[in-house]
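Inspection log for the structure reproduced underneath, given as structure tokens.
The values are calculated or read from the model by the stated rules, or taken from the named source; none is laboratory data. Bear in mind the structure is a predicted one, so any value in this text is a computation, not a measurement. Backbone-built Cβ (ideal geometry, glycine too); neighbour counts: all protein chains shown. Each accessible area value is taken on the protein alone, full model and side chains, heavy atoms only, with ligands, DNA and RNA left out. Shrake-Rupley method; radii C 1.70, N 1.55, O 1.52, S 1.80 Å.
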Amino acid sequence: MLGVEVLEETFGLRPVAASPLGGEVDQNLAVDLDNGSRVVVKISPPGADATELRWRHGLMELAGQAGALDPVSVPKLFAARTGETLLEVGQGRLMTVQSWLPGRTLSELSHHSPQLLGELGRTAARMVRALAPAPVAATTHHWDLLRAPESIAAGIDAVDDRDQHEQVRRILAWYAEALGLHLGSLPMAVVHHDLNDFNVLARRAPDGRHHVHAVLDFADALHSTRVSELAVAVAYAMLRKKNPLTAATAVVRGYAEELELTDAELAVLYPLAAARLCVNAVTWTTRGGTYGHDRMEHTWPTIARLAKTPPQLAELLFREAAGASIAPALPVLGLGARSTVSDAEVGGHLEVVTGSRRSTVSGETATQRLGVEITAEESFKVVAPYAGVVEENAGFLVLRHEGSLWSRWTGLTSSLAAGSYVAAGEVLGEAAAVRVAIFRSLDAALVVDQASVPPSEAAAWAIVSPDPQEFLGLGVRRVEGEWSAEQVLATRSRRFARSQRSYYDQPMNLVSGRGSWLFDEFGRGYLDAINNVSHVGHANPRVVAAATAQLQRLNTNSRFLYPGIAQYAERLTSLLPDPLEVVFLVCSGSEANDLAIRIARQVTGRSDVLVIDGAYHGNTSVITGLSPNRYKGPGGTGPDPTTHEVEQPDQYRGRYGYDDVDAGPKYAADVQRQIDRLNGLGRPPAAFIAESAQGTAGSIFYPDGYLENAFASVRAAGGLCISDEVQVGFGRFGDVFWGFQSQGVVPDIVTMGKPIGNGHPMAAVVTTREIADAFDTGMKYFNTFGGNPVSCAIGTAVLDEIAAENLQQHAETTGRELKRRLEELAGRHELIGDVRGHGMYLGLELVRDRATKEPAVQEALLVSELMKDEGVIVYPTGGNTLKIKPPLTFTADDAELFTSVLDEVLTRDW
Ligand code: PMP
């Protein structure tokens, strides 16, 4: 092959194999050398300009200098024996040899995280800075962004599709307008000018994420506008994205962290980037061939999308990302607009839909409605709230109003002709449903066709297309004084101890919930797969009504008599097997466990307590010392002297696996061993405390016979058995109401919390009459808030709701469906090591290797972060296990959405 044979003689490199690489102009070869390394040999076509090539080599050297793009590198040039990096290889062809850089091109990755896109932007900025000392060369070529109209004109005739023509025309009009205004004030620079997704390599780092690590191919380097460097990167970053602007904004943010963007640069960036994609699409349509086809696959759909994205919006988003000021969303016109639709017209059945309901598809979902929708049962007349001139009446009606404001009315039957003047109060037309949006540019009023937008773009959209409610005389929707996520986070870190952590790198700011869904301040919906506390659903109407009614009537403490507490105690104990009949109402799961331990110690006159390894039982001093999950974890100071661990009955990782039918009794044997040891020390145990399935330890479910044998040993030693039902009680297991029933046991003391009050702080301890009596030594037990009338009303409403909605049964059927789907995923994703669960309490254990079971801790966190970005809430527990314990209102559809998003995230390259 040309080039290979001269390698040894001229460069002193010994090739052992060569294979061709793609390339637009040069002939490129990957050559393996005898020393195990690899180089790229590039051979120019005949007649290449050596001066220009040398200039590019100079740029590569600048970009390759230590620290220039750090930690990103560029290929190193090999010097021939003569010291030259450029070699004439006949027929005017020039050869260069460069180092091979490993990694995957951005085009090969199925997903680009905001962090990766930020790194791309940062790389663009560093490239500009690295190339600053380069001499200016007067070179230009087809891809020069400043020649986009020319390059497009040369090939547009090959594009057959009329829509595509129109899209390109519109983008070129934006380009012409922006450059016409700003070209003179754009800073110029020597730029790489081709940070496209084939030229940027990423590599997965030990943190489990892909990071930019190399930039290739200086063949398109130019002296051009400085912002062209960023524009090319932005253009390609928008390909294959559901929300191209969100991706573009992430790149801009990264760039702006390194280098300032001027107002002029921010104004031209989007038209330049969009035009670059047009050049691309038109050129490759003209040239055909597989090389171009690969690049084209995602280009036209992105162009179609961009042609409906007004440049003002992009500019606002970019300005925000670059830290430049954006005009505040001014109130629209003054007050005093006439009501667009009078109640009399529609008999009072008017419904105005604003805001959003929920996400239904993956990706950052467009949940913010643009404009409002007004519907009624019968057709109604619509009147103009303000005077205006009709700009367009085809498909929709667009009116121009004073103050650079356009209103667009969709769904209206109207005979108004373009150019007509409409006075305020005049009838615009008739409709049974009309969508009204207002815009600050005619362009936007004509091209925007989205009914909703993603939350991350909401602030910019609010400027381009403000909320029309005031305009329509409907009042203003925005809730004043709502804090942003940034404000909440900053205040949290100032006002709370660091040990009180929050979930997620970039937490959402939750403002409401309903059923299995949570909503942030932008109205974006998140499917909640972990809040078992909201057992009967967020903001459950029955619970809200009960709490509100009781708060309005009476709230006091349990030293007084009131009916609710007695009724609730009856209801709760009726759900428990004999002889569990005496109730203590307290305020938290920790407090319940603390009291249970206190009772056990007092009643038995002993101090030592057996706990299962890995367990978490709560946050009080005593309970922290009984929670291996804390005292053995970070910052832990070890067990209390009276705490004794028994082996964790973990069939996935432990000594006895799923295939061992005797695993239950075998694990329980360790309980007997510890008792024997304690007896030997003359310290028999007061109690054995066990969750009915372990929660925080990583969703561990016990093999059959475990608790049965363990309880038998404890009782034989005179100890009490405490079941911690804080996580799993109240029907979550589906087939049984209490977790301990799944193990065929009845404890001496049972503790409950979390779901008992659906989020209201209440908890309970229930025990036998005999134990309760033995606890009465004359010392009073009083709890100010435990069992107050409001808590009892809420507790009763929760039990009513479980019964009325058949939630226990629902937990069984939906839980089974969810588990089936997860098992199906495990068949396709190696990362899933184990799927386990009971009813609507599931765990998905992630491992790096199914054979070694190396815990995939970082991956579990990353999956959770990515799921959050997709609008699904799940989180690791026990390090590498995803806990899945949604409100029992979780539907089969929710299960489907959950698993499809998980599937999609697991399929990605992170
Ligand atoms: N027991 C178990 C099994 C728990 O998971 C928890 C809380 N995670 C507690 C007790 C403590 O409950 P609380 O946070 O209400 O004090």
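Computed from phi, the 3J(HN,Hα) profile of region 114-121 under the Karplus parametrisation 6.51, -1.76, 1.60 (θ = phi - 60°) reads x, 5, 5, 5, x, 5, 4, x Hz, with x in place of Gly and Pro. Inter-label distance, residue 183 to residue 211: 4.1 nm, where each label sits 7 Å from its Cα along the C-beta direction. Classify region 36-156 as rounded, prolate or oblate from the Cα gyration tensor: take a ≥ b ≥ c as the square roots of its eigenvalues, call it rounded if a/c is under 1.5, otherwise prolate when a/b beats b/c and oblate if not. Oblate.
Solvent exposure of region 96-149, expressed per residue, is 38 Å² of accessible area, with all protein chains present and a 1.4 angstrom probe.
Rolling a 1.4 Å probe over the protein heavy atoms leaves residue 143 with an accessible area of roughly 20 Å². With Cα atoms defining each centre, region 484-512 and region 658-707 are spaced 39 Å apart in the structure. Bridgeable lysines around residue 42 (alpha carbons under 26 Å apart, same-chain partners fewer than 8 residues away excluded): 76. Rounded, prolate or oblate for region 717-808? Axes are the square roots of the Cα gyration tensor eigenvalues, ordered a ≥ b ≥ c, and the cut-off for rounded is a/c under 1.5. Note, shape of region 717-808 comes out oblate. Computed with a 1.4 Å probe over protein heavy atoms only, the accessible area of residue 869 comes to about 60 Å².
Hydrodynamic radius of the chain by the Kirkwood approach over all distinct alpha-carbon pairs: 32.1 Å.
Each of 858, 890, 451 was placed along the dipole of the chain (beta-carbon charges, centred on the mean Cα), and the one lying farthest toward the positive end is 858. Once every Cα of region 482-633 carries one equal point scatterer and solvent is ignored, give the base-10 log of I(q)/I(0) from the Debye formula at q = 0.13, 0.17 Å⁻¹, two decimals. Debye curve over Cα of region 482-633, log10 I(q)/I(0) at q = 0.13, 0.17 Å⁻¹: -1.01, -1.32. For the chain, the carbon plus sulfur part of the accessible surface works out to 51%, probe radius 1.4 Å. Among 703-716, 525-538, 751-764, sorting by the average number of other beta carbon atoms lying within 10 angstrom of each residue, highest first, gives 751-764, 525-538, 703-716. All other residues whose Cβ lies under 11 angstrom from that of residue 113 are scored, Lys and Arg at +1 and Asp and Glu at -1, for a net of -3.
Looking at 512, 633, 415, which one has the Cα that reaches farthest to the positive end of the dipole of the chain (charges on Cβ: Lys, Arg +1; Asp, Glu -1)? So the residue furthest toward the plus end is 633. In the full protein context, region 521-615 carries 43 Å² of accessible surface per residue, based on a 1.4 Å probe and ignoring ligands, DNA and RNA. Distances between placed amide hydrogens fall under 5 Å for residue 429 paired with 382, all partners being 5 or more residues away or on another chain. With 0.36 nm allotted per residue and the present C-alpha distance subtracted, the residue 557-residue 421 stretch has 42.1 nm of extension available. Taking 16 Å as the cut-off, the amide N atoms of region 51-89 that come nearer than this to a point 7 Å along the Cα-to-beta-carbon line of residue 30 belong to 75.
Amide hydrogen proximity for residue 453: with H placed 1.01 Å from N in the peptide plane, the residues at 5 or more positions away or on another chain lying under 5 Å are 367, 368, 369, 370.
Taking 0.36 nm per residue of sequence separation and removing the Cα-Cα distance, the residue 782/residue 598 pair yields an extension gain of 64.8 nm.
Rounded to the nearest 20 debye, the dipole size of region 710-864 about its Cα centre is 160 debye, using +1 on the Cβ of Lys and Arg and -1 on the Cβ of Asp and Glu. Full extension of the chain segment joining residue 487 with residue 813 gains 113.2 nm, where the gain is 0.36 nm per residue of separation less the Cα-Cα distance.
In this rough spin-label picture, where each label sits 7 Å from Cα along the Cβ direction, the residue 110-residue 91 distance is 4.2 nm. The phi-based Karplus calculation (6.51 cos²θ - 1.76 cosθ + 1.60; θ = phi - 60°) puts the 3J(HN,Hα) values of region 815-820 at x, 5, 5, 4, 5, 4 Hz, whole numbers, x for Gly and Pro. Each of 502, 452, 415 has its accessible area taken with a 1.4 Å probe; listed largest first, they run 415, 502, 452. For the chain, the longest principal axis of the Cα atoms and the long axis of helix 162-182 meet at an angle of about 80 degrees. Determine the shape class of region 234-326: with a ≥ b ≥ c the square roots of the Cα gyration tensor eigenvalues, call it rounded for a/c under 1.5, and otherwise prolate if a/b is greater than b/c, oblate otherwise. Prolate, because a/c is 1.5 or more and a/b exceeds b/c.
Taken about its Cα centre, the chain carries a charge dipole of roughly 1640 debye when the Cβ of each Lys and Arg holds +1 and the Cβ of each Asp and Glu holds -1. Solvent-accessible surface (1.4 Å probe) assigned to residue 908 amounts to roughly 20 Å². Note that region 546-557 has calculated 3J(HN,Hα) couplings of 5, 5, 5, 4, 6, 4, 6, 9, 6, 9, 7, 10 Hz, one per residue in order, obtained from phi through the Karplus relation 6.51 cos²θ - 1.76 cosθ + 1.60 (θ = phi - 60°); glycine and proline are x. Proximity of backbone amide H atoms, modeled 1.01 Å from N, is registered between residue 646 and 611, 612, 613 at under 5 Å, excluding neighbours fewer than 5 places apart on the same chain. Step through the table entries 632/780; 308/868; 754/853; 754/780; 242/754; 754/868, compare each Cα-Cα distance with 30 Å, and write down the pairs that go over it. Long pairs (Cα-Cα over 30 Å): 632/780; 754/853; 242/754.
Cβ-Cβ distance of residue 70 and residue 132, R₀ of 25 Å, FRET efficiency by 1/(1 + (r/R0)^6): the value works out to about 0.95. Only the Cβ atoms of Lys and Arg (+1) and of Asp and Glu (-1) were treated as charged; on that basis the dipole of region 791-910 about its Cα centre amounts to roughly 400 debye. Ordering 260, 229 by accessible surface, largest first, gives 260, 229; the 1.4 Å probe counts only protein heavy atoms, with every chain in place. Listed by chain and number, the aspartates and glutamates placed with their C-alpha closer than 12 angstrom to that of residue 381 are 343, 345, 426, 430; residues fewer than eight positions away on the same chain are left out. The mean accessible area for residues of region 822-910, using a 1.4 Å probe and ignoring ligands and nucleic acids, is 31 Å² per residue.
Applying 1/(1 + (r/R0)^6) with R0 = 51 Å to the Cβ-Cβ distance of residue 18 and residue 511 gives a FRET efficiency near 0.25.
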